Amino acid sequence: MEECEREEEGVSKRVQVRGRGFFGIGVERSKTPENVGTLLRSAVCLGADFVFTIGHRFGRQASDTVASWRHIPLYTYADLEDFASHRPFDVPLVGVELADGAAPLETFEHPERAVYLLGPEDGSLSGRALSLCQHVVKFQSAYCLNVASAGTVVMYDRQAKLLGREGVRIA
Ligand SMILES: C[S@@+](CC[C@H](N)C(=O)[O-])C[C@H]1O[C@@H](n2cnc3c(N)ncnc32)[C@H](O)[C@@H]1O
């Protein structure tokens, strides 16, 4: 949020307005609704605008202890082609994966608009998913993190860098 001056009924007021940019985060072929529920919760807490799944492998809606669907939408894409044909215009896709050649998250400059894509609990981002990405990032960890935890790290990193650079507050 940013503060700005706005005229309302002839009176000038300082109001909070949303800054430019947005982001979403999702998982390719997620195995469990619990992980999507946890990711959703973190997403609401860390300022994401939407969460999505691509070809998830569970049969029911994600468990969600803070009713995050009241705050941000959860989109479900049937497969990567469905996702690719409905991606928002001019928004870089950032793969999050322990892949060779991935950029270190620690020094990554997050795009103003971004969609982050994580791999499944029991695998990695597919070759097709990686080919759709404009960036791929990884962060240092002794072992691979749980997918929802990895997503939380990435969202926190984005928030921390925005806070440091622009003093932007999430809530
Ligand atoms: C539990 S890991 C998947 C298992 C892992 N690919 C393997 O084969 O052992 C789930 C997902 O979390 C993300 N992830 C976990 N740790 C990561 C790290 N240090 N850097 C980037 N992504 C990470 C990736 O998106 C990964 O596909």
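The numbers here are math on the coordinates, done by the rules we state, and not lab data. Quantities reported herein were computed from a predicted structural model and do not represent experimental measurements. Quick reminder, even Gly has a Cβ in these numbers, built from the backbone with ideal geometry, and neighbours come from all protein chains shown.
Cα gyration tensor of region 20-164, axes a ≥ b ≥ c as square roots of the eigenvalues: rounded (a/c below 1.5), prolate (a/b > b/c) or oblate?
Note, shape of region 20-164 comes out rounded.
For region 81-146, which GluC sites (Glu not before Pro) are in a loop by DSSP, counting at most 13 other Cβ atoms within 10 Å?
Answer in residue order: E109, E112.
Quick check: pseudo-label points 7 Å beyond the Cα along Cα→Cβ at R20 and R57, how many nm apart are they?
4.2 nm
Using a Cα-Cα cut-off of under 17 Å, which lysines could be cross-linked to K138, ignoring same-chain neighbours fewer than 8 residues away?
In chain and number order, the partners are K161.
With a ≥ b ≥ c taken as the square roots of the eigenvalues of the C-alpha gyration tensor of region 86-171, please select rounded if a/c is under 1.5 and otherwise prolate if a/b is larger than b/c or oblate if it is not?
oblate
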